[in-house]
Amino acid sequence: MNELLIVACIALVGAVLYLRGQLKLQENELRRLEAAAQTELNRQVTSLERERRRSGEILERMDEGVLVLTEDHTPIRANASARELLRLGSGPLPGRLPSDEVLMVARRALSEKETCEETISLWPSLRSLRIRALPLEDQAGVAVIFQDVTEELRTLRVRRQFVANASHELKSPVASLQALADAIHDAVHDDPDAAKRFADRLVRESDRLSRLITDLLDLSRLEDPVSASSHAMDLSRVARAQTATLRPEANAKGLTLIERIDSGVWIKGDEQQLGLMMRNLLDNALRYTPEGGRIEAQVAHESGDAIVRVRDSGIGIPFHAQSRVFERFYRVDKDRSRDRGGTGLGLSIVKHVAELHAGHVGVESELGQGSTFTVRLPAAAGGERVHP
């Protein structure tokens, strides 16, 4: 009996020890699983945090402004572009958006439960914004996306104005040609002298129309970035070539054309465009300098830049008009300019070429004393002197 009891106790102790071992194994397995689960959770949290930071960085670097409003129109998130466009500063967002125009579009998107788009003007910054308001899920708020279209709309206005001005300028010589042609037809038999005078005027009007079309085509090419070039080129050589081309015209008008062109003035640019710039500067001086006058063409290095300077002893420009002479189709005296064959585009072409080459043009003038036009361009770095 005692032996059976001893065996039972031994069996019981063995069973307890076995169960304890199993529980230990299960505990270790649970700890392992818990550690693995915690590792996976940490990995996912880290991944989500990385994605959040990445999304936030992308949002901050967007050119478009992004603003998030709650359903009661309270701003809760804005990227750097939105803060800059709406002048919200870098601190906490205000409790109410300062722009009623933006709020109006956001309210409409929430009430209509669909995307709303509109172009608005902000005051006093005078900026034009194209905005899209998109309702969030469950009407939890609205996201507003901004795009600054101020420059785009300004360019469209300039182009529309340019087309209108070009149409007006083309209409005048075309009407003159038609009228002169009719006059010649009527006078050719009855008044040959009058017919000859009309024919001479017809030639002048044809030349004027041809110059206008040429200038319009030149401006069109200058506005095409594909046509730009940046080879190292000798500005002195280009200036000498244009001066030589226009010297016969200067001689025919009794003008003294003087060259002060230094050798080896190198810049990076488009030779054709810079030749066009030089030709228009000289042509402008030829048109507005009376017989017996003097024109001086200078190309040199000055204060680390390349400069082109055309000085004349012509009629001069009134002070109030000097800031506008580079505008397209602007003329100080329209009637006198047309009589001299001007199109109103030459100095605009000069300004355009200078700006395309990272330079600028200015004018100094006094009525009755003449004008000086100066173009300043970056010289080729390190004095590069390699022919293109």
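Worth a mention:
- Within region 292-301, the set of residues being within 19 Å of M277 (Cα to Cα) and surrounded by fewer than 20 Cβ atoms within 10 Å (Cβ to Cβ) comprises E296, Q298, A300, H301.
- Residues in region 284-315 that are charged (D, E, K, R) and within 29 Å of the chain's Cα centre (by Cα): E302, D305, R309.
- Segments classed as strands (runs of 3 or more DSSP E), wholly inside region 20-138, with at least 2 members that are open to solvent by 70 Å² or more (accessible area, probe 1.4 Å) and modelled with pLDDT of 85 or more: 75-78, 116-122, 127-135
- For region 243-269, a residue qualifies if it is touching a Leu at 6+ places or on another chain (Cβ under 6 Å), open to solvent by less than 60 Å² (accessible area, probe 1.4 Å) and more than 14 Å from A300 (Cβ to Cβ), and the qualifying residues are L246, A250.
- Those residues of region 238-254 which are under 18 Å from P290 (Cβ atoms) and either touching a residue at least 40 places away in the same chain (Cβ under 8 Å) or in contact with a helix residue (DSSP H, G or I) (Cβ under 7 Å, 6 or more places away or on another chain) (or both), in sequence order: L246, E249, A250, K253
- The set of residues in region 339-386 that are modelled with pLDDT under 65 and in a strand (DSSP E or B) is empty.
The values are calculated or read from the model by the stated rules, or taken from the named source; none is laboratory data. Values in this document were obtained by computation on a predicted structure and should not be read as measured data. Positions of Cβ are backbone-derived with ideal geometry, glycine not excepted, and every protein chain shown enters the neighbour counts. With ligands, DNA and RNA removed, areas are computed over all heavy atoms of the protein, side chains included. Shrake-Rupley method; radii C 1.70, N 1.55, O 1.52, S 1.80 Å.
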